[in-house]
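The structure appears right after this line, and notes come after that.
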Amino acid sequence: MKFTGFSFGKLRVDGDEYDHDLVIDRGEVRKRDKRPSKKYRSLYGHTPLSLDEKIPWKCKRLVVGTGGGALPIMDDVRREAKRRHVQLIALSTEKALELLSQRPARTNAVLHLTC
């Protein structure tokens with residue numbers, strides 16, 4: 001996958017432009033459906049990544065691009081990653097894209113494109 005044109009709220013993946021959070025699951029790109037996590041927003045001041053979402057667990061490594069660092073990852077997600085023997089890597093989205101550009105094997109991602 002080729003990532004270009006990343007700026008606040010926008011990202012181009014293989015030439016297709018997106019203006020919403022993304023999930024990369026075994027090479028497929030889809031919109032992150034964060035509605036199930038909105039009920040936790042008041043606890044974090046931001047909609048977190050929660051187990052209520054469809055997290056792409058079929059991998060060895062899950063990269064979470066946290067925007068500029070604002071996307072909270074709930075502790076339950078971290079525990080579930082550990083239970084599944086999935087390495088969870090949380091980085092700013094800019095750094096996450098640098099890592100993903102190296103095409104690491106068996107790696108999925110959740111990418112927050114703002115804040």
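The values are calculated or read from the model by the stated rules, or taken from the named source; none is laboratory data. These figures come from a predicted structure and were not determined experimentally. Note: ideal-geometry Cβ built from the backbone for every residue, glycine included; neighbour counts use all protein chains shown. What goes into the accessible areas is simple: the full protein's heavy atoms, side chains included, and nothing from ligands, DNA or RNA. Shrake-Rupley method; radii C 1.70, N 1.55, O 1.52, S 1.80 Å.
Per residue, what accessible area does region 34-115 have, given a 1.4 Å probe and all protein chains present, in Å²?
That works out to 56 Å² per residue.
Determine the dipole magnitude for the chain: charges of +1 sit on the beta-carbon of Lys and Arg, -1 on that of Asp and Glu, nothing else is charged, the reference point is the Cα centre, and the result goes in debye to the nearest 20.
With only Lys, Arg, Asp and Glu charged at Cβ, the dipole is about 440 debye.
Note down the net charge around S92, summing +1 for each Lys or Arg and -1 for each Asp or Glu among other residues with Cβ under 15 Å from its Cβ.
-2
Quick one: what are the phi-derived ³J(HN,Hα) couplings along region 46-63, Karplus 6.51/-1.76/1.60 with θ = phi - 60°, whole Hz, x for glycine and proline?
For region 46-63, the Karplus curve yields 6, 5, x, 7, 10, 5, 6, 8, 8, 7, x, 6, 7, 6, 9, 9, 10, 9 Hz.
Output the peptides 89-97, 29-37, 17-25, 107-115 sorted from most to least packed, where packing is the average of other Cβ atoms within 10 Å over each peptide's residues.
So the peptides 89-97, 29-37, 17-25, 107-115, ranked by packing, come out 107-115, 89-97, 17-25, 29-37.
What share of the DSSP beta bridges in the chain is antiparallel, in percent to the nearest 5?
Looking only at bridges with both residues in the chain, the antiparallel portion is about 50 percent.
Pull out a ≥ b ≥ c, the square roots of the eigenvalues of the alpha-carbon gyration tensor of region 52-104, then state rounded if a/c is under 1.5, prolate if not and a/b is larger than b/c, and oblate in the remaining case.
The shape class here is oblate.
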